[in-house]
Every structure is written in structure tokens, then in C-alpha cells.
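Report on one structure; see the data block that follows.
Each reported figure results from applying straightforward, stated rules to the coordinates on display, with no laboratory input. None of the values given here were measured: they were computed from a predicted structure. All Cβ positions, glycine included, derive from the backbone under ideal geometry; neighbour counts span all protein chains shown.
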Amino acid sequence: MTEYFLTVPHDTATEPTMESMAEMDPVEMEALIARVDGFNTALKDAGAFRYAGGLHPPSTAKTVEVTSGETVVRDEPFVQAKEYVGGFWVIDVADLDAALTWAGQASEVLGIRIEVREMQ
């Protein structure tokens, strides 16, 4: 079995926040959560689920660097980008084809593209 990292990209220009998420139609939000829960259950039932999570947007990031013994903490992401990872799954499946099948299902559930990368 091989672990794969499925990432959920977001656009920096429309960076979701807790406030903007609270403004979503509650019925739509509930339906989205139910679809993701169903997908996670299918992964678990197949023995493929390892871990999943959502990430706060890059505007909340801290970057830590230690140079010459001095620790510097910056209130910024390590890279400025048009898009960023907003969430992810780590799955353990037989091969790339299986990972791509799960990614297709995740894409359908979320209505966005999903990036697939093999873990080292």
C-alpha cells in the first residue's frame, strides 16, 4: 500500500474566513458537511483513510526561522501564492489509479479540483 496526499486548493483572492463561512447558506453548508462526512466514511470503510484536516487560510500563518541562534517569527506564510492548500486527506491505497479514483470522488463531493501526490 502507498500513502497519497490529496489536497484541496483554494484561491487566495477569495480566501475563506470563519466569518465568510458563517455567511454561507446554512442548508448548503449542512449539505456540504454531509457529503464530506459520507466521503470520509467511504474511505474508512475501504480501509484507505489515514488522516484528513482543514487548514486556516494563509493570512493566519506564522513562519519561524532560526538563523545564527536567533529565532524570528513572522506573521505571514512562507510563500505568497495565487492559490493555497485549504484542506487535505492522507489516504493509503494500492496504487496511483486507486488514489486518482478517490480524488475524483473528492472532487465531485466538493465541486473543485483535487491534487494527488504520493508521499515519500
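Things to note:
- Low-density loop positions, chymotrypsin sites (Phe, Trp or Tyr not before Pro), region 1-104 - DSSP coil, at most 12 other Cβ in 10 Å: Phe78
- Overall dimensions of the chain as given by Cα atoms, namely Rg and Dmax in Å: 16.6, 53
- Placing unit charges on the Cβ atoms only, positive for Lys and Arg and negative for Asp and Glu, gives the chain a dipole magnitude near 220 debye about its Cα centre.
- FRET efficiency for the pair Thr14 and Ser68, taken as 1/(1 + (r/R0)^6) with r the Cβ-Cβ distance and R0 = 25 Å, rounds to 0.05.
- Among Thr67, Thr12, a tally of other beta-carbon atoms within 10 Å of each Cβ gives an order, fewest to most, of Thr67, Thr12.
- Vicinal HN-Hα couplings computed from phi for region 20-26 (Karplus, 6.51 cos²θ - 1.76 cosθ + 1.60; Hz; Gly/Pro x): 5, 5, 5, 7, 5, 4, x
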